[in-house]
Amino acid sequence: GRGAADMKSALAAFIAAAVNYLNENKPNGSIVLAITGDEEGEAKDGTLAILDWMRKNNEKVDHCLVGEPTSREYLGDTIKVGRRGSLTAKFTALGLQGHVAYPEKAINPLPTLMKLLRNLEKKRLDTGNEFFDPSSLVITSIDTGNLSNNVIPQKAEAILNIRFNDLQSEISLTTWLRKNIQKVVASTGVNIELEVRVSAHPFICRSENFADLVSHSIKLQTNSSPSISTSGGTSDARFIQEYCPVIEFGLVGKTMHKTDENVEIQQIRDLSEIYKEILKSYFNTFLVKN
């Protein structure tokens, strides 16, 4: 079912882990679960709203664990200590509509838009660094809304997404996009408008002790150490990281967002045991040291 891997089963596993841990222990702190539903939409009324409420009411959280399906091949092989940023750019090329038999009387915006996209796509933004994969650019849509085969469209639109690391920024990428637009416009005379929306900025968890604690807890249960990653899409961690150190760890994500999304039941049980070990280690040692 939808959400089995991403990330309802991880939530169930953590609830069970918290209950089982509290039945056996009296921690010197609190366990708070934040359950929201709009992370992949506008993301205004979920985690952001909770964090705003916490700030206004002076509610503090020391560390956060997000149950995203970070594991790649088997449970516990990967945790995420950060994410790349996400920038979406929309280009609107404005021409002059006309009949395809008389192209000299029209201005076709499509060749200009295609030239711009080719220039952008062939550019290697960077090679990544110690913490992040290279920034990537993917064209996701090209559209004219033109249903006729004998009409030169008046307008053409394209959308692309850039997943960028901390070698880039919203300002540097927007400036680069505008410079490329200016070059194409100067050579073709077709005007192109740009809209930019940034839904996430790159970040990395700076609390090595917290990452080590999660990794050690995973190793105790699986006999293998997880790799450290910042790959993948965005998550609520992009908001939480401004509030406290955050680590992401959960199930194998091979089927997430697919038809018949699924997860092995034993994985959920095993994940719950790992979460319980994280709680145990955190309250037994981490709060004392920090």
Residues of region 38-59 being at pLDDT below 90 and open to solvent by 80 Å² or more (accessible area, probe 1.4 Å), in sequence order, are 40, 42, 44, 45
Evaluate the following for residue 55: is it among the basic types (Lys, Arg) and touching a helix residue (DSSP H, G or I) at 6+ places or on another chain (Cβ under 7 Å)?
-> no
Filter region 156-214 for residues that are charged (D, E, K, R) and more than 24 Å from residue 124 (Cβ to Cβ); the one that is least open to solvent (accessible area, probe 1.4 Å) is 157
Taking interchain pairs and intrachain pairs at least six residues apart, which have beta carbon atoms under 6 angstrom, with the first residue in region 261-272 and closer than 15 Å to residue 17 by Cβ and the second of a type outside the set (A, V, I, L, M, F, W, C)?
-> 268/9
Tally, over region 121-141, of residues that are over 17 Å from the mean Cα position of the chain (by Cα) and more than 16 Å from residue 181 (Cα to Cα) | 7
Can you name every residue in region 73-96 that is exposed (fewer than 15 other Cβ atoms within 10 Å of the Cβ) and under 16 Å from the mean Cα position of the chain (by Cα)?
-> 88
Please state which of the following conditions residue 152 fails to meet, knowing it meets all the rest: (1) modelled with pLDDT under 95; (2) in contact with a His (Cβ under 9 Å, 6 or more places away or on another chain).
-> (1)
Qualifying residues in region 229-287 (those that are surrounded by fewer than 18 Cβ atoms within 10 Å (Cβ to Cβ) and among the hydroxyl-bearing types (Ser, Thr, Tyr)) - the one nearest to the chain's Cα centre (by Cα) | 231
Could you list, in sequence order, the residues of region 127-155 that are within 18 Å of residue 107 (Cβ to Cβ), open to solvent by less than 60 Å² (accessible area, probe 1.4 Å) and assigned to a strand (DSSP E or B)?
-> 151, 152
With the checklist (1) under 21 Å from residue 270 (Cβ atoms); (2) hydrophobic (A, V, I, L, M, F, W, C); (3) touching an Asp or Glu at 6+ places or on another chain (Cβ under 9 Å) in hand, flag the one item residue 198 doesn't pass.
-> (1)
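The values are calculated or read from the model by the stated rules, or taken from the named source; none is laboratory data. Predicted, not measured: the structure shown is a model, and the values here were computed from it. Every residue, glycine as well, gets a Cβ built from its backbone with ideal geometry; the counts of neighbours run over all protein chains shown. SASA here: full protein model, heavy atoms, side chains in, ligands and nucleic acids out. Shrake-Rupley method; radii C 1.70, N 1.55, O 1.52, S 1.80 Å.
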